[in-house]
Amino acid sequence: MLVAVVGAGIMGASLTLHLAANKMTVLLFDGASPGSGASGLSFASLSFLAAATPNFMQFSSEALNYHMDLARPIGLADSIRATGSLRWSTDPTQNKKLLRAANMAEGLGRTVEYLSRNDALKLEPNLNIAGAPDVIVRVPEEGWLDSVRFTKRVIDAAIATGLAHSVSEKCTRIEPLKQGAVVWTNRTCYLVDMVVLACGIGINSLLEDLACAPLVNEVPDELTRIPYFGPPIEHVVFANHIHFRANGPSLIVGNAGDPTSFCDSGLVIKSARENVGLVRRELKKPSFGESITARRGSRPTPKDGCPIVGRLPGQERIFVAVTHAGITLAPYVALLLTTEIAGDGSCDVLDPFRPERFTQPKGRNRTPRLQ
């Protein structure tokens, strides 16, 4: 079986490896370098506490566990930093949401710690924890990932099987056939048996050509890198409306409108200088350098915040795999979706995330043709 995977972010890379491991030949399409899109812009936290429902939290926690199972055999265990997370909010409404999420996690058997400000400062002496919140939630199993390195290495491992091939061409259109599909690129076309769309925000334009409604919203995002010379920060910190973590001699900073939800479509992107000010407020000794850099881009955000995974309605041989929380979920989604593509039956775990839950075809599909 020849499978086309569209998109070389962490989702497409994970799918390519799992499909190749199941003895399928894979063509991985992307006109840009691996991990250069939303995966490279991501804050890259490995998290399950942000899930809004028990089912999604359980799914996310299982996905987090699977990361290490995938990473060890391909020499990437050192890319996963299970340093734990610290979360707090001085806003009463947001604090209640955080505590509800923590309680939900405990109900699923996950380890959650409730710390006083002093207890948290023993773990992270350079934190200031401005505003003296009532409680700080620590999740020791969470952490972060070197997403670009992870993505590239997963693709290398897939290619090493001899069954996966990276195609440096941009997919422009998918044309369904009765016994397969045609993948059109900016250079040529390819006849394949199956297609998996894992191209994040690029998925909407391909769906439009298939006469399907859009699946994701394109939400602006910003990632700020600050040279940092203060005492080490070990945890991933979610503090009020900012989150940050260490990465070598830098702090990586992102906005967080609500640390207990995946996304906020009304999120206002702050400038890099404003982000620096928010982080400075949470540290005792900021010790920042001057060469602050910011990257702005977009992230794919499904309308209900949950993954969209499975066969596209009305298309027997076209699958989709898209989610906002791809850093945490991608390898596990790839494992489960590969089971379905390989023909071993439907995976019940994916049932809450099927595209048909809110996607209906806009009209009849165009008549298949070759040009």
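Rg to Rh for the stretch 84-158: what is it, with Cα atoms only and Rh by Kirkwood?
Rg/Rh for the stretch 84-158 comes to 1.12.
In nm, to one decimal, how far is the modelled label at Lys152 from the one at Leu177, with both set 7 Å along Cα→Cβ?
3.6
Treating cross-link reach as a plain straight distance, find the lysines whose alpha-carbon is under 26 Å from the alpha-carbon of Lys23, omitting any fewer than eight places away in the same chain.
Correct list for Lys23: Lys152, Lys170, Lys178.
Of all the C-alpha pairs in the stretch 289-342, what % are more than 16 Å from each other?
Every Cα pair in the stretch 289-342 considered, those over 16 Å come to 55 percent.
Val236: net charge of surrounding residues, Cβ under 15 Å, Lys/Arg +1, Asp/Glu -1, itself excluded?
-3
If contacts are Cα pairs under 8 angstrom and at least 6 residues apart, what is the relative contact order of the chain in percent?
24
Would you kindly derive the ³J(HN,Hα) couplings of the stretch 156-168 from the backbone phi angles with the Karplus curve 6.51 cos²θ - 1.76 cosθ + 1.60 (θ = phi - 60°), listing them in order in whole Hz, with x for Gly and Pro?
Listing the rounded values in order: 4, 5, 5, 5, 5, 6, x, 10, 10, 9, 8, 10, 7 Hz.
Normalized C-alpha radius of gyration of the stretch 37-129, against 2.2 N^0.38 Å?
In units of the 2.2 N^0.38 Å rule of thumb, it is 1.23.
Within 14 Å, Cβ to Cβ, of Arg153, how many net charges do the neighbouring residues add up to if Lys/Arg are +1 and Asp/Glu are -1?
Taking every other residue near Arg153 into account, the sum is 0.
All other residues with a Cβ under 10 Å from the Cβ of Pro133 taken together, and with Lys, Arg as +1 and Asp, Glu as -1, what is their net charge?
Neighbour charge sum, excluding Pro133 itself: 0.
Which percentage, to the nearest 5, of the DSSP beta bridges contained in the chain is antiparallel?
Given both bridge residues lie in the chain, the antiparallel proportion sits at roughly 70 percent.
Which whole number in µm²/s is D for the stretch 89-232 by Stokes-Einstein, with the Kirkwood Rh taken over Cα pairs at 20 °C and 1.002 mPa s?
104
Where the only charges are on Cβ atoms (+1 Lys, Arg; -1 Asp, Glu), what is the dipole of the stretch 34-108 about its Cα centre, to the nearest 20 debye?
The dipole magnitude comes to about 200 debye.
Once you keep just the Cα pairs under 8 angstrom separated by 6 or more residues, what percentage relative contact order results for the stretch 149-200?
Dividing the mean separation by the residue count of the stretch 149-200 yields 21 percent.
Could you point to the residue in Phe56, Trp88, Ala77 farthest towards the positive end of the stretch 43-146's charge dipole, with +1 and -1 charges on the Cβ of Lys/Arg and Asp/Glu respectively?
Going by the Cα projections, it comes out as Trp88.
For the stretch 1-47, count all C-alpha to C-alpha pairs, find those more than 13 Å apart, and express that count as a whole percent of the total.
Of the Cα pairs, 56 percent sit more than 13 Å apart.
When the Kirkwood radius is taken over all Cα pairs of the stretch 158-229, what Stokes-Einstein diffusion coefficient follows at 4 °C and 1.567 mPa s, in µm²/s?
87
What fraction of the Cα pairs in the stretch 125-200, stated in percent, has a spacing above 15 angstrom?
Every Cα pair in the stretch 125-200 considered, those over 15 Å come to 75 percent.
Which whole-Hz ³J(HN,Hα) couplings does the stretch 296-310 yield from phi under the Karplus relation 6.51 cos²θ - 1.76 cosθ + 1.60, θ = phi - 60°, glycine and proline marked x?
These are the phi-based 3J(HN,Hα) values: 10, x, 9, 10, x, 10, x, 4, 9, x, 9, x, 10, 9, x Hz.
Just want to confirm a number: the relative contact order over the stretch 116-190, from Cα pairs under 8 angstrom separated by 6+ residues, in percent.
Rounded, it is 16 percent for the stretch 116-190.
Read the figures in this text as sums done on the coordinates, not as results from a lab. The structure presented is a predicted model; accordingly, all values stated were derived computationally and were not measured. Note: ideal-geometry Cβ built from the backbone for every residue, glycine included; neighbour counts use all protein chains shown.
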